[in-house]
Amino acid sequence: MTPRRFTLCEYDTGPDADLTDVEDVQQVRIIWNGDHWELHFVCKVAIDAADSSGETTAGVDLGICNTAAISVGDETVLYPGNALKEDAHYFRQEEYDTEGENGPSTHAEWARQKKSRRQTHFLHALSKDIVEQCVDRDVGKIAVGHPKNIREDEDWGRHGNKRLHDWAFETILSHIEYKAEERGIEVERIDEYELATSITCCECGMKADSNRVERGLYVCEECELVANSDCNAAENMRKTVTPSPSQDRSNGCLAQPSVRLFDKSTGRVAPQEQV
């Protein structure tokens, strides 16, 4: 057995950091920033959550092609997943092209870690923006779709199963939950499968697989609603937590959601014109 090597070091913490209770320390990592080493402590911190005062409700649908869609009834916001898919393709190729005969090469390990760090940053930025959008619209409660059994329900094929394996919906859910709690917003997980949110018309309630005429487009045969399919699903989830589901209906703007993209140059979610 190879003996482990340890290095004794000294460190300074900021004025707001308290590491006296080691049980609150979740993770410790040492990072080289190009000039010097930094010791990072990830800690569990208790916060005083604000009281929820918002009267509006929101629904959030999570997906792969579109990372998330929000509906607040009279307005919808869409988050395309292009940045995540591009990163997954690029860094996976970098990893596979440099795999050594005796295991991962140094470059392959770098690619794997770089992809993980970029995904972590993206999901934090995304969930923060989702909560901020809800705060701006006076939302007091969010219903988030939870596809908890989607990986076990059926075989999606080699490429489909790989995409499902990479889909970090549990991570996005947990990020939304704790960030919303900090802003005094209640979050409820909704079972997508039981509600059939993807094939149900949010306007009249008709359920039909044929209503999803193509990827991203939902057209109801009964009431002729035309909508983005993910925004339609988000509206169905919102109606599970709205006080008056029979009266609180979408006004039809689901067909033209506002789109927000992740700007890789700034590391932030940036708004874009309606589509």
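The values are calculated or read from the model by the stated rules, or taken from the named source; none is laboratory data. Keep in mind that what you see is a predicted model, and the values were worked out from it rather than measured. Cβ placement follows ideal geometry from the backbone for every residue including glycine, while neighbour counts extend to all protein chains displayed.
May I ask you to list the residues in segment 121-140 that are among the β-branched types (Val, Ile, Thr), part of a helix (DSSP H, G or I) and more than 10 Å from the chain's Cα centre (by Cα)? Explain how you work it out, then say what you get.
We begin by selecting, within segment 121-140, every residue among the β-branched types (Val, Ile, Thr); these are 130-131, 135, 139.
Of the ones still in play, those that are also part of a helix (DSSP H, G or I) are 130-131, 135.
The answer is Val131, Val135.
Given the condition without any contact (Cβ under 8 Å) to a residue 40 or more places away in the chain, in a loop (DSSP other than H, G, I, E, B) and either within 21 Å of the chain's Cα centre (by Cα) or at negative phi (or both), answer yes or no: does some residue in segment 225-239 qualify?
yes
Which of the residues spanning segment 188-203 are without any contact (Cβ under 8 Å) to a residue 40 or more places away in the chain and outside any loop (DSSP other than H, G, I, E, B)?
Initially, segment 188-203 is screened for residues without any contact (Cβ under 8 Å) to a residue 40 or more places away in the chain, giving 194, 196, 198-201.
Glu194, Thr200 - these are the residues of segment 188-203 that are without any contact (Cβ under 8 Å) to a residue 40 or more places away in the chain and outside any loop (DSSP other than H, G, I, E, B).
Output the residues belonging to segment 214-233 that are more than 18 Å from Gly63 (Cα to Cα) and not acidic (Asp, Glu).
Those that are more than 18 Å from Gly63 (Cα to Cα) and not acidic (Asp, Glu): Val219, Cys220, Cys223, Leu225, Val226.
Of the conditions (1) at pLDDT below 85; (2) at positive phi; (3) acidic (Asp, Glu), Glu194 fails just one. Which one is it?
Of everything listed in (1) at pLDDT below 85; (2) at positive phi; (3) acidic (Asp, Glu), Glu194 misses just condition (2).
Looking at the structure I just gave you, is Tyr178 of a type in the set (Phe, Trp, Tyr), modelled with pLDDT under 85 and part of a helix (DSSP H, G or I)? Walk me through it before giving the result.
Working: of a type in the set (Phe, Trp, Tyr): yes; modelled with pLDDT under 85: no; part of a helix (DSSP H, G or I): yes.
Spelling it out, it is not the case that Tyr178 is of a type in the set (Phe, Trp, Tyr), modelled with pLDDT under 85 and part of a helix (DSSP H, G or I).
Return a yes/no flag: does segment 120-137 have any residue that is modelled with pLDDT of 90 or more, among the polar types (S, T, N, Q) and crowded, with 18+ Cβ neighbours inside 10 Å.
Yes, there is a match, as at least one residue in segment 120-137 is modelled with pLDDT of 90 or more, among the polar types (S, T, N, Q) and crowded, with 18+ Cβ neighbours inside 10 Å.
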